[in-house]
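Undergrad: Before I ask anything, let me first share the structure, which is written out below as structure tokens.
Quick note: the coordinates plus some simple rules give every number you see, no bench work behind them. Computed from a predicted model, the values in this text were never measured in an experiment. Here Cβ is always computed from backbone atoms with ideal geometry, including for glycine, and neighbour counts include all displayed protein chains.
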Amino acid sequence: MPHTSANGKKHIRNIINYEEIEENLRNYQLYANIWLEESWERAKNTKFYSGIGDFSPEHFSSLPVVPKGVFKTFSFDFENTNIHGILKYYETSGTTGRPTPTKRTQLDLAWNYAGVALLWSEIVSADDRSVILLPSDIAPIGDLVAGCCEIIGCVTARAYPFTQGMVTWDRLEALFQSFQPTVVWSSPGTLLQFTRILRQRGTFDEVSRHVTKIMLSGEVVTKGLKESLENWWSAKVFNASYGSTETGTIAAVGANGDLNVLQYSFLCEIMKPDGSIEPMSAGAEGELIISSLHGYARPFLRLGTGDMVRILPRLMNCTACKFSGDERRRSRLEAGNTSRVI
């Protein structure tokens, strides 16, 4: 039931039915058009989309693509002015410019977590023990992993090793000994540094012996780096997800081992080099264009991600894709150089 806090702001607790959300996501083909129209109506409550008029498939197809730079520069113009109940405030890292504020409602979080958990649960189970070496401060990734693990039923421990005054490498090593995690969630850089420290101390084999799966996020994962980490840790390594603070998770890894587009969370299109836009289909290549289906605090339509993708043939009822990244800012991490350091 709603209750009113001391400052008069209403909050809703315990109203999210994740089982119902998951069932709707599994049957997204039945609801996708309805969700898109609802997203359109929410978008009309933003400054940027205030004049788009009534929804129709033809009207949607005529919308121009919103460049990523416009979305970041004028982020406040995309906020839903008719929304209440903001629960989370995040910011982007600012590595490509000024940090972008991002707010999330309970429904934003619930649909995002449920959609990602559907895929991650094909790899991580309730019998696993997850240690999360990802940040929770300002960035959403730590909350996302923890939230999905809770839905899956997997016990978790958060231990970002750069949390000043709380988690040191000594503390992290002791945690691995006592908690004995089977799944490690980390960025490649953090895991490489932890690996190097453990090897220098001669404790790597003992600390890593229970780990069977490594879920990487936050940085580029090359094939060579993935193979090296699998060899060192004797564990299966996955590129866990693709997305951003502004958009939420767009793709997540599943049992097929690939990044699978969350088609139940976004209407995805491909913009060809000549500027033409086509539906997402096997073999298509170009810039990924997305429209949120469950965006409440910041709905967006036909947003250009700036990232080039190639759509793979459907496998295990999933649409997998290969991301080549933003050509303007892509960097490479060669595993050969890394292995010499470690």
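Undergrad: For the chain, find the longest principal axis of its Cα atoms and tell me its angle to the long axis of helix 28-43, 0 to 90°, nearest 10.
TA: Helix 28-43 sits roughly 70 degrees off the main axis of the chain.
Undergrad: Need one number: the % of Cα-Cα pairs in the stretch 139-250 sitting beyond the 20 Å mark. Before the final figure, lay out each step's value.
TA: Values: 2540 of 6216 pairs.
The calculated P(r) of the stretch 139-250 puts 41 percent of pairs beyond 20 Å.
Undergrad: If you don't mind, there's one more thing I want to ask. Name the lysines eligible as straight-distance cross-link partners of K322: C-alpha to C-alpha under 20 Å, and not fewer than 8 places from it in the same chain.
TA: Those lysines meeting the cut-off are K68, K223, K226, K236, K272.
Undergrad: Something else: To the nearest 10 degrees, how steep is helix 169-179 against the longest Cα principal axis of the chain, on a 0 to 90 scale?
TA: Once rounded, one gets 90 degrees.
Undergrad: Please find the FRET efficiency linking R98 to I277, where r is the Cβ-Cβ separation and R0 is fixed at 25 Å, and quote it to the nearest 0.05. Write out the running numbers ahead of the final one.
TA: Working: r = 29 Å, r/R0 = 1.15.
Result of the calculation: an efficiency of 0.30.
Undergrad: Rg and Dmax of the stretch 46-114, Cα atoms, in Å?
TA: Using the Cα atoms of the stretch 46-114, the pair Rg, Dmax is 14.2, 38 Å.
Undergrad: Taking the Cα centre of the chain as origin and charging only Cβ (+1 Lys, Arg; -1 Asp, Glu), how large is the dipole, in debye to the nearest 20?
TA: Details: 35 positive and 37 negative charges, 187 e Å.
With only Lys, Arg, Asp and Glu charged at Cβ, the dipole is about 900 debye.
Undergrad: Mean-square fluctuation check for the chain, GNM, Cα pairs under 10 Å: which of D127, D307, D258 is largest?
TA: Maximum among the listed residues: D127.
Undergrad: Right, next: For the stretch 60-178, what are the per-bin percents of Cα-Cα distances with bins 10 Å wide, up to the bin holding the maximum?
TA: For the stretch 60-178, the binned pair fractions read 11, 31, 34, 18, 5, 1 percent.
Undergrad: Separate question: Taking only the alpha-carbon atoms of the chain, what semi-axes of the equivalent ellipsoid follow from 5 times the gyration tensor eigenvalues under a square root, in whole Å, largest first? The partial results should precede the final answer.
TA: Values: eigenvalues 236, 116, 72 Å².
In descending order, the three semi-axes are 34, 24, 19 Å.
Undergrad: Take every Cα-Cα pair in the stretch 227-270 and report what % of them are more than 16 Å apart.
TA: Values: 466 of 946 pairs.
Cα-Cα pairs in the stretch 227-270 separated by more than 16 Å: 49 percent.
Undergrad: Between the helical axis of 141-152 and the dominant principal axis of the chain, each derived from Cα atoms, what acute angle in degrees is found, rounded to the nearest 10?
TA: That helix lies at roughly 90 degrees to the long axis.
Undergrad: Per-residue counts of other Cβ atoms within 10 Å, averaged by peptide: what ranking do you get for 163-171, 183-191, 146-154, highest first?
TA: Details: 163-171: 11.2, 183-191: 22.7, 146-154: 19.6.
The peptides rank, most packed first, as 183-191, 146-154, 163-171.
Undergrad: Compute the Kirkwood hydrodynamic radius of the stretch 196-314, taking the inverse of the mean of 1/r over all pairs of distinct Cα atoms, and give it in Å to one decimal.
TA: On the way: mean 1/r = 0.0608 Å⁻¹.
About 16.5 Å for the stretch 196-314.
Undergrad: Could you give the length gained by full extension between D137 and Q29, i.e. 0.36 nm per residue of separation minus their alpha carbon distance, to one decimal place? The partial results should precede the final answer.
TA: Numbers: separation 108, 0.36 × 108 = 38.88 nm, distance 3.59 nm.
Difference between extended and current length: 35.3 nm.
Undergrad: Among the DSSP beta bridges whose two residues both lie in the chain, what percent are antiparallel, rounded to the nearest 5?
TA: Working: 35 of 52 bridges.
Of those bridges, close to 65 percent are antiparallel.
Undergrad: Using the Cα centre of the stretch 37-151 as the reference point, and only Cβ charges (+1 on K/R, -1 on D/E), how large is the resulting charge dipole? Debye, rounded to the nearest 20.
TA: Values: 10 positive and 15 negative charges, 104 e Å.
Result for the stretch 37-151 is approximately 500 debye, rounded to the nearest 20.
Undergrad: With a point put 7 Å past each Cα toward its Cβ, work out how far T73 is from D205 in nm, to one decimal.
TA: Each label point is offset 7 Å from its Cα along the Cβ direction, giving 5.8 nm.
Undergrad: Which Cα, out of F204, L259, S228, lies furthest along the positive dipole direction of the stretch 204-294 (beta carbon charges, K/R +1, D/E -1)?
TA: So the residue furthest toward the plus end is F204.
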